[in-house]
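Q: Dropping a structure here in structure tokens format, bear with me for questions.
The values are calculated or read from the model by the stated rules, or taken from the named source; none is laboratory data. What you see is a predicted model; the values in this text were computed from it and never measured. So basically every Cβ, Gly included, is an ideal-geometry build from the backbone, and we count neighbours across all protein chains shown. Surface accessibility is based on the protein's heavy atoms, side chains included, excluding ligands, DNA and RNA. Shrake-Rupley method; radii C 1.70, N 1.55, O 1.52, S 1.80 Å.
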Amino acid sequence: MEEVSILRGSNCRAKGAAPGFKFAVLGASGGIGQPLSLLMKMNPLVSVLHLYDVANTPGVTADISHMNTGAVVRGFVGQPQLENALTGMDLVIIPAGIPRKPGMTRDDLFNINAGIVRTLCEGIAKCCPNAIVNIISNPVNSTVPVAAEIFKKSWDIQS
């Protein structure tokens, strides 16, 4: 039996961009998001790169957009621009969240980052429900189930 992929590079093309995938980094201004965004800009399979965060995204966008590759880079700041950042994306990666600080319990970290992941996944479910999503927000073994529940609820509503 032949496998059928929903993602094909030839079908993913932005106006003015090279053929490839439309990719969003949610948390692009953080310690993981910045180098990840840089690597994605260098990837020849990426035609559009959307960088989203709650702060500092214009600077990161400007820096990364100077790289001479075919990917078009756009920056988005804050909750009001989340839907624009996500609309039409093929792949979304979420490094958003805070790092664990000294004296912070795992539960403290979860309570903050789970809320962030929940908000971002609600946007994904609404704006790019067929996108592949990669979550690297800690604690991963607890934030992934939060995301899964958001996606299950959105699928139940759409059905």
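Q: Got a number for carbon plus sulfur as a percent of the chain's accessible area, 1.4 Å probe?
A: The value for the chain is 57 percent carbon and sulfur by accessible area.
Q: Return the tail of the calculated pair distribution for the chain, meaning the percent of Cα-Cα pairs more than 26 Å apart.
A: 27 percent
Q: Under a plain spin-label model, where a point goes 7 Å from the Cα along Cα-to-Cβ, how far apart in nm are Gln79 and Glu149?
A: 2.0 nm
Q: Stretched out fully, how many nm does the piece from Asn130 to Leu39 gain, at 0.36 nm a residue minus the Cα gap?
A: 30.4 nm
Q: Please check the chain for the longest run free of trypsin sites (Lys or Arg not before Pro) that are loop-located per DSSP (anything but H, G, I, E, B) and have at most 13 other Cβ atoms within 10 Å.
A: On the way: sites that count: Arg8, Lys15.
The segment 16-159 is the longest one with no such site.
Q: Quick one: accessible area per residue over region 57-126, 1.4 Å probe, rounded to a whole number of Å²?
A: On a per-residue basis, region 57-126 sits at 52 Å².
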